[in-house]
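In what follows, a structure is listed as C-alpha cells, so that the remarks can point back to it.
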Amino acid sequence: MSQSIRERRAESLGRSIRIKQSKGKALSKRKIRANDKHRKQVAQISHRNGAVVDKGFDIFTKNLKVGTVQKRTSFMFSIVALLLVGLGVRVAMLQTVWSSEYRDASVSQRTRVQTLRAERGSILDRNGQELAFPIPTRTVFADPRAVTDPIGVANAVGGILQMTDEAKLELSIKLRDQSSNFVYVARQADQRLADVIVALGLKGVSSYRESGRALTSSGLRGLIGRTDIDGLGISGLELQYQELLAGQDGRIAREVNANGKSMAAGSSDVVEAIPGGRLVTTINRTIQFQVDSILTQQVQFVEARGGSAIVMDTKTGEIYAMSNIRRNTDGTYTSDSGNFAAVEAHEPGSVAKVFSIAAAINEGKVVPSTSFTVPYEEIYDKGTDWEYKVSDGYVHPTQDMTVRKIIVDSSNNGTVLISRLLESKTNHDYLQSFGFGTKTPVNYPAESRGVLKPAEKWQGTEKITFAYGYGYTATGLQLISGVNAIANKGVYVAPKLVKATVDAKGVVTDAPQSLTHEVVSEATAKIMTEMMTDVVCYGTGGLAQLSGMSVAGKTGTAYKLQKNGKYTAEDGTFSYFASFVGFLPAGNPQMTVLVSIDEPDPTAKDRFGGRAAAPVFARIGQALVNELDIRPTQGDAGCVGPRPADLGASH
C-alpha cells in the first residue's frame, strides 16, 4: 500500500514538471537537470519516512504471540518498578539520612532564638549601698528575612533615633541582607524610644530587655571601672570580678509565622538567665562622695593635672575611699582616666623620709635627740663618676640638727646623713618590708609594683637619693600602706578593697583578713608618731591640722621626670608631684589618709606638698571625724603652744 502511494506521488510530481516544461520551452538544460535532481531527492525522503512509519507500525502489530506480549509487558513493569524503587529510596533518605539537614532548615526558617541576658550583679559599699548597679534598657532589633521594606524601616527608625543619612543607608543595607536573621537597630535604648519604635508595627522589628550599667556617682568610675556594650567588665573591679558579676545568659526559642509573629500553636524552649552575684567592697559610699568632692575642688584650685586620695582603716587595712581625678584635653576634670592611685607609680619624695629615719631608729643608730651637722648643700662621692650635689628645700647655714628637727623641717641632707649609718642592703630590706617593690594583695587590674632595685644594683646617687624619696617609685596604694605601718604600731597590714562576695544563690563568702607583718617595733612606731605629730604642729605640715585633735603626717614634694628623661623640661621648667600622708588621731590612730596632687601650677607657692596636699588631708580628716564619730584621746587638745625652742626658728 505504501509503495503505491510513493509511486503516485512521484508520477504526480513528474506530470507537474512536464506541464511546466511544455509551458516554458525556453528553460535551459541546466534547469532541467536541477529539476531532475530535486525530484530524485524528494523521492528518497519520502521513501525513508515511509520506512520509519512502517517499522514503528510493525513493532506493535507484527508477531503478536502470547510469549512475546508477556515479555514486553514484563519489561514495561520492570521500568515502572525501578522508577518507584528509586522514588522510595529518595523518600527514605529524606526521612533518615538527610532528614536532619532539612529539619534544621525548616526549624531555622520558622524559629527565632533570642538570648536572655543575665542581669549583672551590683557592686556594693561596706553598708550594702549600691555603687554600681544594673538599669533596665530595651534593645531594638530586626530580622532581615521578615523585613519587607528595608528602606522604609530604616527611614522610620532613623527618624525616631535621629540617625544621619549615612547611618540610615547603612541600616537599610543590613536589612536587605537575607543571609542574616539578626540586626541591631538600637542597642540599649531608652525604654520610651524603644516603645515608640515597636509601636510602629514594622514587620520583622522587635525588641528585648537588656541591662545597662550605672554608678551612683561619676567619681566612682576610676575605681569601679567599666563594662562594654555587651556587659563584660573591661577595667577596674568590673574586670577583676567579671566571673562573679556576669551571671549566665539564658535563651528563648519560639516559632514564628511569615510576619515574624509568634505562632500560638508553636513550640517554645526557654532557658532562664541566672543573674550575677554581688560584690561587697570596703568602700564607705558617703565618705567616698565627700572625698571625691574635696579632691576635685583642690585639684581645680591649684590648676593641677590631677590628683588622688585614699582613706584606709588603720588597723584592718580596709579602704574606705579611693578617689581619682584628672584633667581632660578639653580642660574639664573627670574620674574617667582610671584608678591611677593603684596603677601609676611615682617617686614619693620627702614622705619617704619616714621610712629612712624609722629604719635607723629601729636599728638603734639614732634617737630623736641625736644631732648631725647639716649643710644646705653637700656634694657626695666628690671626685668620682658618681659625684652628686644634694640641696635642702630651703636655704640655711650649716647647722646642728637633731633627728627630730630633720624630719620636722624635712631636711634632705640631714636624712641622707641618717640613712648612711646603715648599709644599703639594710635600707633596701626595710623599704621592701614597708611594701615597696611588690604589688599589694589588692591585685587591682594593671596595678603597678613600682620600682625598687636590689641593693646590690644600687650605684652612685641611688645609694643617697632613696633616703629622701628618689631612685625608687611607689603607687599611692603602696605609699599609704607603708605609712600606715607606723600608725599601726609598727605592723604592716595589707590594703583591702573587698569585704565579701555574694553568689547567685545568696551565699556570702567573707574575704580573708589582711596579711600582716612587723616592720619596726612598737617603740619605734611611737617615736615616729610623735615626730610626725610635730611635723603637723610645727613643721611643713601645718595646714593639715585639725581643731581639737592631734594628727600625724609627712609632706612630700617630688620632681617628676620629663619626657626627655630629666627632671627639667627643655624650657628649664619643673613638674611637681605633691603629697601628704598622715593618720588620726595621733594618740590612737583609726584612719590613715593619703593625698597626692599631680602637677600643680609650677609657678605657684601651692606646688609643695604642705600647701597643695596638706589642706585636703585636713578637710578629709574633718569629714571622717564627723561621719565615723572619731574622738581625740583623753587630754588631746590638738596643736597648742609655740614651736619648741630646740627646733629653732621655722623657715
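The values are calculated or read from the model by the stated rules, or taken from the named source; none is laboratory data. This is a predicted model, so every value here is computed, not measured. All Cβ positions, glycine included, derive from the backbone under ideal geometry; neighbour counts span all protein chains shown. These accessible areas exclude ligands, DNA and RNA; they are computed on the full protein's heavy atoms, side chains included. Shrake-Rupley method; radii C 1.70, N 1.55, O 1.52, S 1.80 Å.
Remarks
- log₁₀ of I(q)/I(0) at q = 0.14, 0.16 Å⁻¹ - region 465-602, Debye sum with one point per alpha carbon: -0.77, -0.92
- For residue 627 and residue 130, the FRET efficiency from 1/(1 + (r/R0)^6), where r spans their Cβ atoms and R0 equals 25 Å, is about 0.85.
- Extension gain, residue 426 to residue 182, is 81.3 nm, computed as 0.36 nm per intervening residue step minus the present C-alpha separation.
- Estimated Rh, region 337-466: Kirkwood, alpha-carbon pairs, angstrom: 16.0 Å
- Between residue 500 and residue 513, the modelled labels are 1.7 nm apart [label points 7 Å from Cα along Cα→Cβ].
- Per residue, the convex hull volume that the Cα atoms of region 557-651 enclose (Å³): 144 Å³
- Simple spin-label estimate for residue 330 and residue 645 gives 6.2 nm between the two label positions (7 Å along the Cα-to-Cβ direction from each Cα).
- Neighbours of residue 398 by Cβ distance under 12 Å: Lys/Arg scored +1, Asp/Glu scored -1, total -4.
- Taking a straight Cα-Cα cut-off under 18 Å and skipping sequence neighbours fewer than 8 places away in the same chain, the aspartates and glutamates within cross-link reach of residue 168 are 143, 149, 177.
- Positive minus negative residues near residue 249 (Lys, Arg vs Asp, Glu; Cβ under 13 Å): 0
- Partners of residue 505 within straight-line reach, counting aspartates and glutamates whose Cα lies under 15 Å from its Cα and excluding those fewer than 8 residues away in the same chain: 119, 243, 272.
- Of the solvent-accessible surface of region 366-490, computed with a 1.4 Å probe over protein heavy atoms with every protein chain present, carbon and sulfur atoms account for 49 percent.
- Extent along the principal axes, Cα only, for region 266-355: 73, 41, 25 Å, with the longest axis given first.
- Legend: residue pairs 353/499; 382/439; 174/203; 425/563; 365/439, Cα-Cα distance threshold 27 Å; pairs beyond threshold, 353/499; 382/439; 425/563; 365/439.
- Net length gained if the chain between residue 530 and residue 590 were fully extended (0.36 nm per residue, minus Cα distance): 20.0 nm
- You can think of it this way: the chain between residue 208 and residue 300 has 28.8 nm of extra reach, that is 0.36 nm per residue less the Cα-Cα gap.
- Carbon/sulfur fraction of accessible area - region 553-651, other protein chains in place, 1.4 Å, %: 50 percent
- Taking all pairs of distinct alpha-carbon atoms in region 338-394, Kirkwood radius in angstrom: 14.7 Å
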